[in-house]
Amino acid sequence: MLLVGAALLGGHFTMSALSQAPLSPAKVRYEETVSSYLEPYFAQNWMLFAPDPITDDRGILARAKCSDGSVTDFYDVTHPHIKAAQDSRFFPSRMSRLVTNGLQAISNHDELMNRLRQNSLNEKKPLIPATPFEKSSRDETITFLSRYSMGQMPTPCGDGQPSEIQVRMYIHQLPPWSQRKSPKAEGKVEVEDFAWRKVKELR
């Protein structure tokens, strides 16, 4: 039993290390396998550090379509868990990571494809479209966020049951550091509404 546990732990650390390793033939070959294993629960995030620290605030809202055809207001799925983490400094909840890791999975594409697209952009050539894996990964992530949101919304339809769930992703681009003391610096907010997902397909 001890050997099995050690083997599983070693496999996990190998996957994590490979996800953060520099671009190489091995990383390109096993990218899909590593991503499918790590996301969304074990995804690594080093965007706090240079050279590309996070400069935005991201989250999701969700609303439900009830069986009678009515549509609820958007519910803030992200903020309650962030507040819970901030209120418990010694043993913070990690539930908020489920959302942030999911949003990163949507925004962050394959490293090799990112370089090729950047080269195309620099050379003013047409951008390379999303690969089948990128499309399927995005679809799976949106399905996960929809399922997660459905479980977080407090009785959206009262006594009735929701028939569909829609998730809205927002990205608040923070003002530059040079404007940090300006009361008028608000930054830019980008919003994307994902397609409605039927509740019966999320269960």
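The values are calculated or read from the model by the stated rules, or taken from the named source; none is laboratory data. Please read all numbers here as calculations on a predicted model, not as lab measurements. FYI the Cβ positions are ideal-geometry reconstructions off the backbone, even for glycines, and counts take in every protein chain you see. Side chains are part of the model used for accessible areas, which takes the heavy atoms of the whole protein and leaves out ligands, DNA and RNA. Shrake-Rupley method; radii C 1.70, N 1.55, O 1.52, S 1.80 Å.
So is ARG138 of a type in the set (Lys, Arg) and within 21 Å of VAL99 (Cα to Cα) or not? If you could, list the steps in order and put the result at the bottom.
On the way: of a type in the set (Lys, Arg): yes; within 21 Å of VAL99 (Cα to Cα): yes.
In short, yes.
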Checklist entry - In the range 59-69, what residues are exposed (fewer than 15 other Cβ atoms within 10 Å of the Cβ) and in contact (Cβ under 8 Å) with a residue 40 or more places away in the chain? => result SER67, ASP68
Checklist outcome for this item: Within the range 8-40, the residues that are of a type in the set (Gly, Ala, Ser) and either under 17 Å from the mean Cα position of the chain (by Cα) or assigned to a loop (DSSP other than H, G, I, E, B) (or both) are SER19, ALA21, SER24, SER35, SER36
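Of everything in the range 180-203 that's assigned to a helix (DSSP H, G or I) and open to solvent by less than 90 Å² (accessible area, probe 1.4 Å), which residue is farthest from ARG147 (Cα to Cα)?
The initial filter retains those residues of the range 180-203 that are assigned to a helix (DSSP H, G or I), namely 199-202.
Next cut, open to solvent by less than 90 Å² (accessible area, probe 1.4 Å) only: 199, 202.
On the way: VAL199: 8, LEU202: 5 Å.
For the range 180-203, the residue satisfying everything is VAL199.
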Checklist entry - When the range 88-100 is examined, which residues are found to be in contact with a Ser or Thr (Cβ under 9 Å, 6 or more places away or on another chain) and either polar (S, T, N, Q) or surrounded by fewer than 13 Cβ atoms within 10 Å (Cβ to Cβ) (or both)? => result SER96, THR100
Checklist entry - When MET169 is evaluated against the numbered criteria (1) open to solvent by 80 Å² or more (accessible area, probe 1.4 Å); (2) closer than 26 Å to GLU32 by Cα; (3) touching a strand residue (DSSP E or B) at 6+ places or on another chain (Cβ under 7 Å), which criterion, by number, is the only one it fails? => result (1)
Checklist entry - Which pairs do you get when a residue that is closer than 16 Å to ASP73 by Cβ and part of a loop (DSSP other than H, G, I, E, B), found in the range 154-176, comes within reach of a residue that is β-branched (Val, Ile, Thr) and open to solvent by less than 60 Å² (accessible area, probe 1.4 Å), reach meaning Cβ atoms under 9 angstrom, with the pair 6+ apart or on two chains? => result PRO156/THR72; PRO156/ILE165; CYS157/THR72
Checklist entry - So LEU112 fits all but one of (1) modelled with pLDDT of 80 or more; (2) surrounded by 12 or more Cβ atoms within 10 Å (Cβ to Cβ); (3) more than 20 Å from ALA195 (Cα to Cα); what number is the exception? => result (1)
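To keep it simple, each residue is scored yes or no on (1) assigned to a helix (DSSP H, G or I); (2) closer than 24 Å to GLY59 by Cβ; (3) not hydrophobic (A, V, I, L, M, F, W, C).
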{"residue": "ALA85", "(1), (2), (3)": "yes, yes, no"}
{"residue": "SER93", "(1), (2), (3)": "no, yes, yes"}
{"residue": "ASN119", "(1), (2), (3)": "yes, no, yes"}
{"residue": "GLU134", "(1), (2), (3)": "yes, yes, yes"}
{"residue": "ASP139", "(1), (2), (3)": "yes, yes, yes"}
{"residue": "MET150", "(1), (2), (3)": "yes, yes, no"}
